[in-house]
Amino acid sequence: MAVPTRETIVKMVADGQSLANQDLAQADLSYSNLKGADFSGANLEGAHLQNANLEGANLQGVNLEKAFLFGSNLKDANLEGAKLNGTNLQDTNLENANLRNTALSGISLFGAQMDGVNLESSDLSRARLKRASLVGAKLKNASLVGAHLQRASLKNADLRGADLRDANLKNAILDGANLDGANVEGAQFSK
């Protein structure tokens with residue numbers, strides 16, 4: 001079955017229809033209003049979603065591998081268990097999004113707005129989070145081994161039990177962050 005056209009997908013979302021479990025690989029939905037869309041379990045591998053509005057969207061278990069989401073709005077979106085290998089999330093808004101138990105190893109999140117995001121028990125090893133805002137983020141038991149957090153704001157973040165071995169935290173803002181039980185062996189902090 002052919003991938004639905006951009007117009008069909010946008011109309012389905014506007015009409016409140018679910019796109020759960022649909023094969024939408026390589027779809028170009030850049031600059032589209034997909035607010036509140038249900039893409040749970042869908043295949044969006046390689047999709048182009050630059051500057052798309054996915055606020056409040058259900059993306060639970062979705063395949064977004066190698067997708068381009070630069071500048072997208074994912075505020076309040078549910079991405080729990082999403083496949084995000086090779087996905088570009090640079091400059092995205094992930095404020096209050098749910099990314100619990102999600103594999104984000106090596107992902108690009110430069111300058112992302114992630115205040116209040118839930119990343120509990122997620123794998124952010126080697127993730128590139130330079131200049132990201134993670135104010136009040138939930139990172140309990142997350143793996144941040146070798147993560148690049150230079151100049152990131154982790155103010156009031158919950159990092160209890162997080163693995164920060166060899167992470168770069170130079171010039172990171174850690175005011176009020178809870179690091180109880182966190183492993184910071186080899187992590188680089190500002191002097």
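Couple of notes before you dig in:
- Residue under evaluation Met1, criteria (1) surrounded by fewer than 20 Cβ atoms within 10 Å (Cβ to Cβ); (2) part of a loop (DSSP other than H, G, I, E, B); (3) modelled with pLDDT of 95 or more; (4) not hydroxyl-bearing (Ser, Thr, Tyr), criterion not met: (3)
- Pairs are defined by a Cβ separation below 8 Å, a sequence spacing of at least 6 or placement on different chains, a first member in segment 1-25 that is within 13 Å of Val62 (Cβ to Cβ), and a second member that is modelled with pLDDT under 95; the pairs so defined are Gln22/Pro4; Asp23/Met1; Asp23/Val3; Leu24/Val3; Leu24/Pro4; Ala25/Val3.
- Output for segment 128-147, where each listed residue is in contact with a strand residue (DSSP E or B) (Cβ under 7 Å, 6 or more places away or on another chain), closer than 21 Å to Ala67 by Cα and of a type outside the set (Lys, Arg): Leu129
- Output for segment 90-127, where each listed residue is outside any loop (DSSP other than H, G, I, E, B) and under 15 Å from Leu154 (Cβ atoms): Gln113, Asn118
- Filtered residues of segment 56-80 (kept if under 19 Å from Asn21 (Cα atoms) and either of a type in the set (Asp, Glu) or outside any loop (DSSP other than H, G, I, E, B) (or both)): Asn58, Asn63, Glu65, Asn78, Glu80
- Options Leu79, Leu24, Leu59, Leu94; residue that is farther than 16 Å from Asn118 by Cα, modelled with pLDDT of 95 or more and either of a type outside the set (Gly, Ala, Ser) or in contact with a Phe, Trp or Tyr (Cβ under 6 Å, 6 or more places away or on another chain) (or both): Leu24
- Residue among Leu44, Leu19, Leu74 that alone is of a type in the set (A, V, I, L, M) and under 11 Å from the mean Cα position of the chain (by Cα): Leu74
The values are calculated or read from the model by the stated rules, or taken from the named source; none is laboratory data. Everything numeric here is computed off the predicted structure, so don't read it as measured data. Using ideal geometry, Cβ is built from the backbone for each residue, glycine included, and neighbour counts are taken over all protein chains shown.
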